[in-house]
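Trainee: Please read through the structure below; I'll follow up with questions.
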Amino acid sequence: NPDRHAIVIGGSVTGLLSARVLAEYFDEVTIVETDKLDNSYPRKGVSQSRQPHVLLVKGYRILEELFPNINNLLLKGGALKIDWTQEFIRFVPNLGWNATSKLPSEIESFTCSRILLESAIRQEVLALGNIRLIEQHHVTELLWDLIKKQVNGVVLKSSSKREDKLYASLVVDASGRRSQAPKWLEKIGFARPKESFVNPFLGYATCRYREPSELQSDWKVMLVSHSADSPKLGYLAKIEGGELIATLGGYGRVFPPVDNEGFLEFARSLPSPNFYEVIKNAEPVSEIEGFRATYNRLRHYEKLPIFPEGFVCLGDAVCTLCPVYGQGLTVSALSAIILRNWLKHNKNSFPRKKLSSLDFQKKLAKSNSIHWNMAIRQDLMFPSTQSFPPIKTNRKNSIISDILHWYIKKIQLGMTKDEEINKIFIKVINFLDSPLLFYHYKALFYAIKNKNDVV
(Lines give C-alpha, C1' and ligand atoms only; values in the text may rest on other atoms or scores of the structure.)
Protein backbone atom coordinates (compact mmCIF):
# COMPACT_ATOMS: atom_id res chain seq x y z
CA ASN A 1 0.00 0.00 0.00
CA PRO A 2 1.79 3.21 -1.16
CA ASP A 3 -0.09 5.24 1.48
CA ARG A 4 1.69 3.28 4.22
CA HIS A 5 5.05 3.12 2.43
CA ALA A 6 8.10 5.42 2.82
CA ILE A 7 11.25 5.53 0.68
CA VAL A 8 14.71 6.53 1.88
CA ILE A 9 17.27 7.51 -0.78
CA GLY A 10 20.72 6.52 0.49
CA GLY A 11 21.84 3.63 2.68
CA SER A 12 24.65 5.24 4.67
CA VAL A 13 24.31 6.34 8.28
CA THR A 14 21.83 9.16 7.65
CA GLY A 15 19.62 6.93 5.53
CA LEU A 16 19.77 4.06 8.03
CA LEU A 17 18.79 6.31 10.94
CA SER A 18 15.99 7.85 8.88
CA ALA A 19 14.67 4.38 8.01
CA ARG A 20 14.74 3.39 11.69
CA VAL A 21 12.58 6.41 12.56
CA LEU A 22 10.19 5.92 9.63
CA ALA A 23 9.65 2.30 10.62
CA GLU A 24 7.71 3.53 13.66
CA TYR A 25 5.14 5.29 11.46
CA PHE A 26 4.93 3.33 8.19
CA ASP A 27 4.03 -0.28 7.47
CA GLU A 28 6.92 -0.56 5.02
CA VAL A 29 10.15 1.39 4.52
CA THR A 30 12.42 0.89 1.49
CA ILE A 31 16.04 2.05 1.43
CA VAL A 32 17.42 2.62 -2.06
CA GLU A 33 21.23 2.48 -2.22
CA THR A 34 23.56 2.93 -5.20
CA ASP A 35 26.34 0.69 -3.87
CA LYS A 36 26.54 -2.95 -2.92
CA LEU A 37 26.63 -2.90 0.89
CA ASP A 38 28.92 -5.83 1.62
CA ASN A 39 31.19 -4.13 4.18
CA SER A 40 33.91 -3.52 1.58
CA TYR A 41 35.51 -0.10 1.73
CA PRO A 42 36.14 2.37 0.30
CA ARG A 43 32.94 2.50 -1.67
CA LYS A 44 31.84 5.10 -4.16
CA GLY A 45 28.97 6.42 -2.05
CA VAL A 46 31.26 7.22 0.90
CA SER A 47 34.40 8.52 -0.77
CA GLN A 48 36.10 9.43 2.52
CA SER A 49 35.14 6.16 4.25
CA ARG A 50 38.74 5.35 5.18
CA GLN A 51 39.12 8.69 6.89
CA PRO A 52 38.35 8.91 10.63
CA HIS A 53 34.72 9.26 11.66
CA VAL A 54 34.37 10.66 15.16
CA LEU A 55 31.30 9.49 17.04
CA LEU A 56 30.58 12.42 19.33
CA VAL A 57 28.78 11.79 22.62
CA LYS A 58 25.47 13.35 21.56
CA GLY A 59 25.44 11.21 18.43
CA TYR A 60 26.25 8.06 20.40
CA ARG A 61 23.46 8.73 22.90
CA ILE A 62 20.99 9.06 20.04
CA LEU A 63 22.21 5.72 18.67
CA GLU A 64 21.71 4.15 22.09
CA GLU A 65 18.17 5.50 22.18
CA LEU A 66 17.33 4.16 18.72
CA PHE A 67 19.28 0.90 19.06
CA PRO A 68 19.56 -0.34 22.67
CA ASN A 69 21.89 -3.15 21.53
CA ILE A 70 24.38 -0.88 19.72
CA ASN A 71 26.77 -0.81 22.68
CA ASN A 72 27.10 -4.61 22.64
CA LEU A 73 27.55 -4.75 18.86
CA LEU A 74 30.32 -2.14 18.88
CA LEU A 75 32.13 -3.81 21.77
CA LYS A 76 31.82 -7.19 20.05
CA GLY A 77 33.35 -5.67 16.93
CA GLY A 78 36.30 -4.35 18.92
CA ALA A 79 35.35 -0.67 19.19
CA LEU A 80 37.02 1.17 22.06
CA LYS A 81 35.01 3.13 24.59
CA ILE A 82 36.43 6.60 25.21
CA ASP A 83 35.97 8.92 28.20
CA TRP A 84 36.40 12.31 26.55
CA THR A 85 37.49 14.08 29.74
CA GLN A 86 40.32 11.59 30.33
CA GLU A 87 41.25 9.92 27.05
CA PHE A 88 40.98 12.76 24.51
CA ILE A 89 44.12 14.89 24.39
CA ARG A 90 44.33 18.09 22.35
CA PHE A 91 47.30 20.32 21.62
CA VAL A 92 46.63 23.97 20.84
CA PRO A 93 49.53 25.82 19.17
CA ASN A 94 51.27 28.32 21.47
CA LEU A 95 49.22 27.11 24.47
CA GLY A 96 49.89 23.39 25.02
CA TRP A 97 47.94 20.25 25.86
CA ASN A 98 44.50 20.23 27.43
CA ALA A 99 44.05 19.46 31.13
CA THR A 100 42.54 15.97 31.36
CA SER A 101 40.36 14.89 34.28
CA LYS A 102 41.66 12.80 37.15
CA LEU A 103 38.27 11.16 37.72
CA PRO A 104 36.16 9.29 35.12
CA SER A 105 33.04 10.91 33.69
CA GLU A 106 29.86 9.87 31.86
CA ILE A 107 30.94 11.79 28.74
CA GLU A 108 31.60 8.62 26.76
CA SER A 109 31.29 7.31 23.22
CA PHE A 110 33.31 4.97 20.98
CA THR A 111 36.27 5.24 18.67
CA CYS A 112 36.21 2.80 15.75
CA SER A 113 36.34 2.59 11.97
CA ARG A 114 33.51 3.76 9.72
CA ILE A 115 32.97 0.21 8.45
CA LEU A 116 32.37 -1.14 11.97
CA LEU A 117 30.03 1.67 12.99
CA GLU A 118 27.94 1.60 9.82
CA SER A 119 27.69 -2.20 9.68
CA ALA A 120 26.51 -2.31 13.31
CA ILE A 121 23.79 0.26 12.58
CA ARG A 122 22.78 -1.52 9.37
CA GLN A 123 22.51 -4.85 11.21
CA GLU A 124 20.09 -3.30 13.71
CA VAL A 125 18.05 -1.54 11.03
CA LEU A 126 17.64 -4.54 8.74
CA ALA A 127 16.61 -6.69 11.70
CA LEU A 128 13.38 -4.69 11.80
CA GLY A 129 10.67 -6.57 9.97
CA ASN A 130 9.28 -3.67 7.93
CA ILE A 131 12.50 -2.33 6.38
CA ARG A 132 13.94 -3.64 3.11
CA LEU A 133 17.06 -2.64 1.20
CA ILE A 134 17.34 -2.28 -2.58
CA GLU A 135 21.02 -2.17 -3.55
CA GLN A 136 22.78 -1.13 -6.76
CA HIS A 137 19.95 1.17 -7.82
CA HIS A 138 19.93 4.93 -7.99
CA VAL A 139 17.09 7.43 -8.08
CA THR A 140 16.83 9.42 -11.32
CA GLU A 141 13.72 11.51 -10.59
CA LEU A 142 10.74 12.07 -8.33
CA LEU A 143 7.24 10.97 -9.25
CA TRP A 144 4.62 13.73 -9.05
CA ASP A 145 0.92 13.11 -8.42
CA LEU A 146 -0.96 15.81 -10.36
CA ILE A 147 -4.24 15.10 -8.56
CA LYS A 148 -2.95 15.01 -4.97
CA LYS A 149 -0.29 17.65 -5.71
CA GLN A 150 2.48 15.76 -3.95
CA VAL A 151 5.50 13.54 -4.53
CA ASN A 152 4.31 9.95 -4.58
CA GLY A 153 7.45 7.96 -5.36
CA VAL A 154 10.67 7.74 -7.34
CA VAL A 155 12.05 6.41 -10.61
CA LEU A 156 14.82 3.86 -10.06
CA LYS A 157 17.56 2.79 -12.43
CA SER A 158 19.52 -0.40 -11.80
CA SER A 159 23.17 -1.03 -12.59
CA SER A 160 21.93 -2.77 -15.76
CA LYS A 161 20.11 0.49 -16.77
CA ARG A 162 16.64 -0.96 -16.21
CA GLU A 163 14.12 1.61 -14.95
CA ASP A 164 11.31 0.97 -12.46
CA LYS A 165 8.85 3.09 -10.51
CA LEU A 166 8.45 2.80 -6.77
CA TYR A 167 5.47 4.45 -5.09
CA ALA A 168 5.21 5.85 -1.54
CA SER A 169 3.52 8.61 0.45
CA LEU A 170 6.84 10.00 1.74
CA VAL A 171 10.28 10.15 0.10
CA VAL A 172 13.31 11.08 2.22
CA ASP A 173 16.51 12.22 0.50
CA ALA A 174 19.47 11.08 2.58
CA SER A 175 21.84 10.64 -0.37
CA GLY A 176 24.58 12.89 1.02
CA ARG A 177 26.94 15.28 -0.72
CA ARG A 178 25.99 13.96 -4.16
CA SER A 179 22.27 14.61 -3.71
CA GLN A 180 20.50 15.52 -6.95
CA ALA A 181 17.41 16.92 -5.20
CA PRO A 182 17.67 20.45 -6.70
CA LYS A 183 17.56 18.91 -10.21
CA TRP A 184 14.66 16.62 -9.24
CA LEU A 185 12.68 19.54 -7.83
CA GLU A 186 13.23 21.59 -10.97
CA LYS A 187 12.00 18.72 -13.14
CA ILE A 188 8.62 18.59 -11.34
CA GLY A 189 8.16 22.37 -11.49
CA PHE A 190 9.68 23.68 -8.25
CA ALA A 191 12.53 26.13 -7.74
CA ARG A 192 16.07 25.14 -6.85
CA PRO A 193 17.15 26.22 -3.36
CA LYS A 194 19.78 28.91 -2.91
CA GLU A 195 23.10 27.62 -1.63
CA SER A 196 25.83 28.94 0.67
CA PHE A 197 29.44 27.79 0.24
CA VAL A 198 32.47 28.19 2.47
CA ASN A 199 35.64 26.56 1.15
CA PRO A 200 38.71 26.55 3.43
CA PHE A 201 40.73 24.60 0.83
CA LEU A 202 41.54 21.97 3.40
CA GLY A 203 43.08 18.71 2.28
CA TYR A 204 43.82 15.71 4.43
CA ALA A 205 45.34 12.26 4.14
CA THR A 206 44.93 9.12 6.21
CA CYS A 207 46.99 6.02 6.90
CA ARG A 208 46.33 3.12 9.23
CA TYR A 209 49.10 1.68 11.37
CA ARG A 210 49.49 -1.30 13.61
CA GLU A 211 49.67 0.02 17.15
CA PRO A 212 53.32 -0.28 18.30
CA SER A 213 53.71 -2.85 21.08
CA GLU A 214 55.88 -0.44 23.03
CA LEU A 215 53.27 2.36 22.91
CA GLN A 216 52.30 3.31 26.45
CA SER A 217 49.59 5.95 26.60
CA ASP A 218 46.45 6.89 28.49
CA TRP A 219 44.80 8.50 25.45
CA LYS A 220 42.44 6.99 22.90
CA VAL A 221 42.26 10.05 20.61
CA MET A 222 44.99 12.65 20.04
CA LEU A 223 44.37 15.92 18.21
CA VAL A 224 47.04 18.43 17.28
CA SER A 225 44.88 21.44 16.42
CA HIS A 226 45.32 24.16 13.85
CA SER A 227 45.22 27.88 14.57
CA ALA A 228 45.09 31.10 12.58
CA ASP A 229 48.88 31.13 12.17
CA SER A 230 49.34 27.35 12.07
CA PRO A 231 47.32 25.72 9.25
CA LYS A 232 48.42 22.11 9.88
CA LEU A 233 46.64 19.56 12.05
CA GLY A 234 46.88 15.91 13.04
CA TYR A 235 44.28 13.43 14.30
CA LEU A 236 45.30 10.08 15.75
CA ALA A 237 42.84 7.51 17.11
CA LYS A 238 43.00 3.98 18.41
CA ILE A 239 40.43 1.75 16.70
CA GLU A 240 39.48 -1.93 16.63
CA GLY A 241 41.97 -4.63 15.74
CA GLY A 242 44.91 -3.02 17.53
CA GLU A 243 45.21 -0.35 14.84
CA LEU A 244 45.76 3.40 14.78
CA ILE A 245 44.09 5.65 12.25
CA ALA A 246 46.30 8.67 11.54
CA THR A 247 45.06 11.71 9.63
CA LEU A 248 47.05 14.81 8.67
CA GLY A 249 45.44 17.95 7.29
CA GLY A 250 46.32 21.41 6.08
CA TYR A 251 44.29 24.55 5.34
CA GLY A 252 44.79 26.95 2.46
CA ARG A 253 46.01 24.20 0.08
CA VAL A 254 48.75 23.11 2.49
CA PHE A 255 47.97 19.52 1.53
CA PRO A 256 49.72 16.58 3.20
CA PRO A 257 51.58 14.23 0.81
CA VAL A 258 50.26 10.74 0.11
CA ASP A 259 53.66 9.01 0.01
CA ASN A 260 55.08 7.51 3.19
CA GLU A 261 58.17 9.70 3.41
CA GLY A 262 56.22 12.90 2.76
CA PHE A 263 53.45 11.86 5.16
CA LEU A 264 55.95 11.34 7.99
CA GLU A 265 57.74 14.60 7.21
CA PHE A 266 54.42 16.47 7.35
CA ALA A 267 53.71 14.82 10.73
CA ARG A 268 57.15 15.91 11.95
CA SER A 269 56.29 19.53 11.05
CA LEU A 270 53.22 19.69 13.32
CA PRO A 271 53.48 22.14 16.24
CA SER A 272 53.77 19.19 18.67
CA PRO A 273 56.17 16.24 18.14
CA ASN A 274 53.90 13.72 19.91
CA PHE A 275 51.97 12.70 16.79
CA TYR A 276 55.13 11.99 14.82
CA GLU A 277 56.74 10.10 17.72
CA VAL A 278 53.84 7.63 17.76
CA ILE A 279 53.82 6.78 14.04
CA LYS A 280 57.46 7.21 12.99
CA ASN A 281 58.33 3.54 13.60
CA ALA A 282 54.81 2.10 13.35
CA GLU A 283 53.97 -0.45 10.64
CA PRO A 284 51.56 0.89 7.98
CA VAL A 285 48.67 -1.51 7.26
CA SER A 286 47.02 0.55 4.51
CA GLU A 287 47.81 2.86 1.65
CA ILE A 288 47.79 6.59 2.33
CA GLU A 289 44.55 8.03 0.99
CA GLY A 290 43.92 11.74 0.39
CA PHE A 291 40.66 13.69 0.41
CA ARG A 292 40.12 17.29 -0.67
CA ALA A 293 36.37 17.80 -1.20
CA THR A 294 36.06 19.55 2.16
CA TYR A 295 33.92 22.57 1.34
CA ASN A 296 30.93 23.49 3.50
CA ARG A 297 27.63 23.70 1.59
CA LEU A 298 24.21 24.68 2.92
CA ARG A 299 21.11 24.29 0.75
CA HIS A 300 18.34 26.63 1.87
CA TYR A 301 15.25 24.52 1.25
CA GLU A 302 13.59 26.31 4.17
CA LYS A 303 13.62 29.58 2.20
CA LEU A 304 11.73 28.26 -0.81
CA PRO A 305 8.28 29.86 -1.16
CA ILE A 306 6.73 26.46 -1.81
CA PHE A 307 8.09 22.96 -1.29
CA PRO A 308 6.50 19.71 -2.51
CA GLU A 309 4.60 17.65 0.03
CA GLY A 310 5.62 14.04 0.35
CA PHE A 311 9.35 14.85 0.08
CA VAL A 312 12.01 15.97 2.59
CA CYS A 313 15.82 16.31 2.55
CA LEU A 314 18.22 15.91 5.45
CA GLY A 315 21.81 15.12 6.44
CA ASP A 316 24.60 16.03 4.02
CA ALA A 317 22.00 16.42 1.27
CA VAL A 318 21.14 19.70 3.02
CA CYS A 319 24.04 20.67 5.30
CA THR A 320 27.46 19.46 4.19
CA LEU A 321 30.17 20.34 6.70
CA CYS A 322 33.94 20.24 6.40
CA PRO A 323 34.65 16.68 7.67
CA VAL A 324 37.62 17.66 9.82
CA TYR A 325 35.39 18.86 12.68
CA GLY A 326 33.80 15.45 13.11
CA GLN A 327 30.26 16.79 13.28
CA GLY A 328 28.79 14.90 10.33
CA LEU A 329 27.61 11.69 11.99
CA THR A 330 26.11 13.52 14.95
CA VAL A 331 24.36 16.08 12.73
CA SER A 332 22.88 13.09 10.85
CA ALA A 333 21.64 11.59 14.10
CA LEU A 334 20.09 14.91 15.13
CA SER A 335 18.39 15.13 11.71
CA ALA A 336 16.79 11.74 12.31
CA ILE A 337 15.43 12.90 15.68
CA ILE A 338 13.97 16.02 14.04
CA LEU A 339 12.34 13.73 11.46
CA ARG A 340 10.88 11.58 14.25
CA ASN A 341 9.53 14.58 16.15
CA TRP A 342 7.97 15.95 12.95
CA LEU A 343 6.26 12.63 12.24
CA LYS A 344 5.16 12.28 15.86
CA HIS A 345 3.64 15.76 15.90
CA ASN A 346 1.76 14.97 12.70
CA LYS A 347 0.96 11.31 13.41
CA ASN A 348 -2.77 11.87 12.85
CA SER A 349 -2.17 13.65 9.52
CA PHE A 350 -1.16 10.74 7.35
CA PRO A 351 -1.87 8.99 5.14
CA ARG A 352 -5.17 10.84 4.57
CA LYS A 353 -3.77 14.35 5.00
CA LYS A 354 -0.54 15.90 3.85
CA LEU A 355 2.42 16.48 6.12
CA SER A 356 4.01 19.90 5.77
CA SER A 357 7.40 19.21 4.21
CA LEU A 358 8.35 22.87 4.33
CA ASP A 359 7.69 22.87 8.07
CA PHE A 360 10.18 20.00 8.44
CA GLN A 361 12.83 21.83 6.38
CA LYS A 362 12.43 24.91 8.60
CA LYS A 363 12.86 22.86 11.78
CA LEU A 364 15.92 21.16 10.30
CA ALA A 365 17.42 24.50 9.20
CA LYS A 366 17.15 25.85 12.75
CA SER A 367 19.16 22.91 14.07
CA ASN A 368 21.68 22.94 11.21
CA SER A 369 22.44 26.64 11.65
CA ILE A 370 24.18 25.98 14.98
CA HIS A 371 26.56 23.43 13.51
CA TRP A 372 27.06 25.40 10.30
CA ASN A 373 28.12 28.50 12.21
CA MET A 374 30.49 26.52 14.43
CA ALA A 375 32.21 25.00 11.39
CA ILE A 376 32.55 28.09 9.22
CA ARG A 377 33.74 30.26 12.12
CA GLN A 378 36.80 28.00 12.31
CA ASP A 379 37.31 28.00 8.53
CA LEU A 380 37.00 31.76 8.18
CA MET A 381 40.08 32.36 10.35
CA PHE A 382 42.19 31.70 7.25
CA PRO A 383 42.49 34.50 4.64
CA SER A 384 42.55 31.92 1.84
CA THR A 385 39.03 30.70 2.67
CA GLN A 386 36.46 31.58 0.02
CA SER A 387 32.74 32.01 0.68
CA PHE A 388 29.65 32.53 -1.44
CA PRO A 389 27.73 34.65 -0.78
CA PRO A 390 30.75 36.56 0.60
CA ILE A 391 31.00 36.66 4.39
CA LYS A 392 32.62 39.71 5.92
CA THR A 393 35.10 38.82 8.65
CA ASN A 394 36.89 42.15 9.19
CA ARG A 395 35.23 43.90 12.08
CA LYS A 396 36.20 47.29 13.44
CA ASN A 397 37.97 47.25 16.76
CA SER A 398 35.78 48.18 19.69
CA ILE A 399 35.94 47.89 23.43
CA ILE A 400 33.43 45.01 23.35
CA SER A 401 35.31 43.05 20.65
CA ASP A 402 38.60 43.60 22.50
CA ILE A 403 37.08 42.28 25.72
CA LEU A 404 35.63 39.23 23.96
CA HIS A 405 38.96 38.50 22.27
CA TRP A 406 40.73 38.75 25.63
CA TYR A 407 38.14 36.50 27.27
CA ILE A 408 38.32 33.80 24.58
CA LYS A 409 42.11 33.71 24.87
CA LYS A 410 41.79 33.28 28.63
CA ILE A 411 39.36 30.40 28.22
CA GLN A 412 41.62 28.74 25.64
CA LEU A 413 44.51 29.00 28.06
CA GLY A 414 42.26 27.73 30.83
CA MET A 415 41.60 24.52 28.90
CA THR A 416 45.31 23.68 29.26
CA LYS A 417 45.47 24.47 32.98
CA ASP A 418 42.10 23.70 34.53
CA GLU A 419 40.22 20.41 34.03
CA GLU A 420 36.85 22.05 34.74
CA ILE A 421 37.38 24.57 31.95
CA ASN A 422 38.49 21.75 29.65
CA LYS A 423 35.34 19.80 30.60
CA ILE A 424 33.23 22.75 29.46
CA PHE A 425 34.99 22.59 26.09
CA ILE A 426 34.45 18.82 25.90
CA LYS A 427 30.72 19.22 26.53
CA VAL A 428 30.37 21.88 23.84
CA ILE A 429 32.25 20.00 21.11
CA ASN A 430 30.23 16.86 21.89
CA PHE A 431 26.94 18.78 21.45
CA LEU A 432 25.97 18.21 25.07
CA ASP A 433 25.79 21.93 25.80
CA SER A 434 25.49 25.21 23.95
CA PRO A 435 28.61 27.31 23.28
CA LEU A 436 27.02 29.73 25.75
CA LEU A 437 28.44 27.39 28.40
CA PHE A 438 31.76 29.19 27.86
CA TYR A 439 30.11 32.09 29.71
CA HIS A 440 29.17 29.93 32.69
CA TYR A 441 30.07 31.48 36.04
CA LYS A 442 32.92 28.95 36.48
CA ALA A 443 34.51 30.10 33.23
CA LEU A 444 33.94 33.79 34.00
CA PHE A 445 35.42 33.34 37.47
CA TYR A 446 38.45 31.54 36.04
CA ALA A 447 39.15 34.28 33.48
CA ILE A 448 38.92 37.05 36.08
CA LYS A 449 40.93 35.14 38.69
CA ASN A 450 43.72 34.47 36.15
CA LYS A 451 43.57 37.79 34.31
CA ASN A 452 47.32 38.30 34.61
CA ASP A 453 48.28 34.98 33.01
CA VAL A 454 50.23 35.46 29.80
CA VAL A 455 48.42 34.12 26.70
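Trainee: Could you work out how far apart the two model spin labels at K392 and E420 are, taking each label as a point 7 Å from the Cα in the direction of the beta carbon, and quote it in nm?
Mentor: Label at K392, label at E420, 4.0 nm between them.
Trainee: At R0 = 60 Å, how high is the FRET efficiency between R162 and K102 if r is their beta carbon distance? Nearest 0.05 is fine.
Mentor: So, using R0 = 60 Å, E works out to roughly 0.45.
Trainee: Could you give the length gained on full extension between K344 and K148, defined as 0.36 nm per residue of separation minus the Cα-Cα distance, in nm?
Mentor: 68.3 nm
Trainee: Now, a different point. Which of the GluC sites (Glu not before Pro) found in region 78-161 are loop residues per DSSP with 12 or fewer other Cβ atoms within 10 Å of their Cβ?
Mentor: Passing sites in region 78-161 are E106.
Trainee: Taking every alpha carbon pair in the chain, what does the distance histogram look like in 20 angstrom bins from 0, in percent?
Mentor: For the chain, the pair-distance distribution reads 24, 55, 21, 1.
Trainee: So if we plug the beta-carbon distance of F445 and A228 into 1/(1 + (r/R0)^6) with R0 = 35 Å, what FRET efficiency do we get, rounded to 0.05?
Mentor: Step by step, r from the Cβ atoms, then E = 0.80.
Trainee: For the full complex of protein chains and a 1.4 angstrom probe, list D83, D145 by accessible area with the highest value first.
Mentor: The ordering from most to least exposed comes out as D145, D83.
Trainee: With the other protein chains left in place, how much accessible area per residue, in square angstrom, belongs to region 78-141 at a 1.4 angstrom probe?
Mentor: 42
Trainee: To continue, here is another question. Please give, to one decimal in nm, the separation of the simple spin-label points placed at K76 and K36, each 7 Å out from Cα toward the Cβ.
Mentor: Label-label distance for K76 and K36, simple model: 2.5 nm.
Trainee: May I ask you to derive the FRET efficiency for A191 and T140 from their Cβ-Cβ distance with R0 = 25 Å, giving the value to the nearest 0.05?
Mentor: Efficiency, rounded to the nearest 0.05: 0.80.
Trainee: Further question: Nearest 5 is fine: what % of DSSP beta bridges in the chain come out antiparallel, could you say?
Mentor: 70
Trainee: If I model a spin label as a point 7 Å beyond the Cα along the Cα-Cβ vector, how far apart are those points for R132 and D359 in nm?
Mentor: Between R132 and D359, the simple spin-label model gives 3.1 nm.
Trainee: Could you check how much of the accessible area of the chain is carbon and sulfur, as a whole percent, using a 1.4 Å probe?
Mentor: 51
The values are calculated or read from the model by the stated rules, or taken from the named source; none is laboratory data. What you are looking at is a predicted structure, and each value in this text was computed from that prediction instead of being measured. Every residue, glycine among them, receives a Cβ derived from its backbone with ideal geometry; neighbour counts consider all protein chains shown. Areas reflect the complete protein model, heavy atoms only, side chains present, ligands, DNA and RNA absent. Shrake-Rupley method; radii C 1.70, N 1.55, O 1.52, S 1.80 Å.
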